[in-house]
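Working notes, structure below.
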Amino acid sequence: MDAKLRYYAVLKTVEQIHGKRGKTFVLKLLKGSREYNVEKSIREFDLVPLWGLLYRLDKEEVEATLTELASNELIYVEEISSGAYKFPFLHISEEGRKDLTKLEETEGKQIQSYLEQACFEQKSPEISKKGILLDQFLDQLFYLLKLWQDRSTKEAELDELIGLMEVSSLETEMLEKFIYRFTPEKLRDQFRSSYALSIVNYQLTKQVRQLLSTLPEQEANVFRCRYQIKDIMYKSLIDIMKHYGLMERDVLFTIKRYIARFGNRVYIDRFPFIATIMDILSESLNEDTEHPLALVKDTTEVSYDLYQDGLSIPEIARERGLAIGTIFTHFTKLVPQYKLELEDIIPNDRIASILQAADTTGGVSLKAIHEQLSSDYNYGEIKLVMELERGWKPA
């Protein structure tokens, strides 16, 4: 995310809360805090599209943006009295409003576009190769159903409909396999007939509607948005985020969750079209049917992939929207599994400090060890060292 977009996000937030909230609130909002007071204020000030927008940045980077805007006199702090107390609330200056107006045209639209990509582009590192293939297939299938519906009163062939989509030969093969397996035998050679088109399209669409009725409301609406199923329940992504109070990473998590449902035996048994899709995916990936590939990666493997990409523990935590301690916990499994060096995860001097604190306290508990160390040590970090270096296990 470039500097201009960050400036816009901060300026827009300060404009919305002008004289009613302080710097801490802005930091928590843009970093995606789930505190009750933050969530309540986000709805009050209509700030959902900006909520958690800068969660991938360090807190210090967001603070630096605030400082720079203040030094340029675009925002300022003024104490506001409330009863016997005074609060240092943020305000936007006239110069700040002028700059914000200039940025609205470009950056305002870019934020809308940036958030839409959370639904229309696959960015979650937690979706496996099979899950991505499923997602691509669903996208093409629903586009085909739309074309099919638009042309169902005219004479057309399946080849003609797929040809309008401009997909690759492999993607064409997958769509044809799906349609022909799903089509009753007596209709397979009749795709020129508007009746045949209509009946198969109706059956597929009916199953999609039934699937959506079984999904939780939030998942069903994100599903509609992602594949642009514009039925009566369709909402744009921004409307969905405002309605449910979602951040970008919540949308990605929801996408991951409903993709995972396609591997659920209950759904496969209930919906023939899901069973057919899963069979085609298995064939395309040459997978062992007795040990099918997962649609969603194991959570520790996601952390390992990001580590292999060169991300540090804090960066992995930010990327995944998880606590740093959780990522350290993943490495209690990953270090022995992949024969990693603990020193590559935690610097030698910190390992030595933790072990020394453990010797001092007798290693009776993580809390006792933590109390011997400076405040920048994480419980997950201590647990990782103790488990791998001392074979320590919690009671």
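FYI, it's all coordinate maths here, none of it is from the lab. Bear in mind that the values here come from a model prediction, so they are computed numbers and not experimental data. Using ideal geometry, Cβ is built from the backbone for each residue, glycine included, and neighbour counts are taken over all protein chains shown.
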Quiz item: If R0 is 56 Å, what FRET efficiency do you get for Leu340 and Ser71 from their C-beta distance, rounded to 0.05?
Solution: 0.85
Quiz item: How much of the calculated P(r) for region 129-285 lies past 25 Å, in percent of all Cα pairs?
Solution: 31 percent
Quiz prompt | Value at 222 nm in deg cm²/dmol, rounded to 500, when DSSP H runs of n ≥ 4 in the chain each add -39,500 (n - 2.57) | solution = -19500 deg cm²/dmol
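Given the peptides 44-54, 18-28, arrange them by the average over their residues of other C-beta atoms within 10 Å, most packed first.
Packing order, densest peptide first, comes out as 44-54, 18-28.
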Quiz item: Gaussian network model of the chain, Cα springs within a sub-10 Å range: biggest mean-square fluctuation belongs to which of Thr300, Thr67, Thr289?
Solution: Thr289
Quiz item: Straight-line reach from Lys4: which lysines have Cα under 27 Å away, leaving out those fewer than 8 places along the same chain?
Solution: Lys12, Lys20, Lys23, Lys28, Lys31, Lys59, Lys98, Lys102, Lys109, Lys123, Lys242
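Within a 10 angstrom radius of the beta carbon, how do Lys230, Lys12 rank from fewest other beta carbons to most?
Result, fewest neighbours first: Lys230, Lys12.
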Quiz item: In region 300-390, with Lys and Arg counted as +1 and Asp and Glu as -1 at Cβ, which of these residues, Thr300, Leu340, Gly363, has the Cα nearest the positive end of the dipole, that is, farthest along it?
Solution: Gly363
Practice problem: Would you list the P(r) distribution for the chain, with all Cα-Cα distances sorted into 20 Å bins from 0 and each bin expressed as a whole %? | Solution: 22, 43, 30, 5, 0
Quiz prompt | Intensity falloff of region 300-390 expressed as log10 I(q)/I(0), Debye formula with alpha-carbon point scatterers, at q = 0.19, 0.22, 0.24 Å⁻¹ | solution = -0.84, -1.08, -1.23
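Under 8 Å for C-alpha pairs, at least 6 residues apart: give me the relative contact order for region 300-390, rounded to a whole percent.
The normalised contact order for region 300-390 reaches 28 percent.
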